[in-house]
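In what follows, a single structure is set out as structure tokens and then discussed.
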Amino acid sequence: MKITIKRSKDGAIVKVKTLDEPIFTFTNFSPKITHESLKRALPPMIRSERIKRYKTAFRREQLAEAKRLKKEREEATDEANADDNQTSQI
């Protein structure tokens with residue numbers, strides 16, 4: 001895990017790079033934050049960010065699946081309507 005801290009008058013921006021994951025960025029730290037307090041604060045914050053990412057990814061998958069099913073139903077309905085129109089013309 002690699003931690004980068006950028007301090008300004010307004011606050012500190014902490015970026016955390018972990019293996020196999022995108023960078024986590026946290027902006028709600030005091031500019032006087034110490035390394036020891038970061039060691040205690042970061043693990044639960046990273047855990048909650050991971051949960052948010054997993055929930056977002058899961059929701060995207062659900063929406064994609066719902067969209068795919070809706071498209072399949074519309075295509076089936078269109079085909080059924082086309083078949084009905086052909087039989088009614090005969």
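If you take the residues in region 33-90 that are more than 26 Å from residue 1 (Cβ to Cβ) and of a type in the set (S, T, N, Q), which one is farthest from the chain's Cα centre (by Cα)?
Of everything passing the filter in region 33-90, 89 is farthest from the chain's Cα centre (by Cα).
Taking the options 34, 56, name whichever one is at pLDDT below 90 and β-branched (Val, Ile, Thr).
34
Is it true that some residue in region 13-24 is farther than 11 Å from residue 1 by Cβ, surrounded by 10 or more Cβ atoms within 10 Å (Cβ to Cβ) and touching a Phe, Trp or Tyr at 6+ places or on another chain (Cβ under 6 Å)?
The answer is yes; a qualifying residue exists.
Residue 28 is checked against (1) at pLDDT 90 or above; (2) in a strand (DSSP E or B) and fails just one. What number does that condition carry?
It is condition (1) that residue 28 fails.
Considering only region 30-49, how many residues are surrounded by 13 or more Cβ atoms within 10 Å (Cβ to Cβ) and either acidic (Asp, Glu) or in contact (Cβ under 8 Å) with a residue 24 or more places away in the chain (or both)?
Looking only at that region, the number is 6.
The values are calculated or read from the model by the stated rules, or taken from the named source; none is laboratory data. Just so it is clear, the model here is predicted, and its values are computed rather than measured. Glycine also receives a Cβ, built like all others from the backbone with ideal geometry; neighbour counts cover every protein chain displayed.
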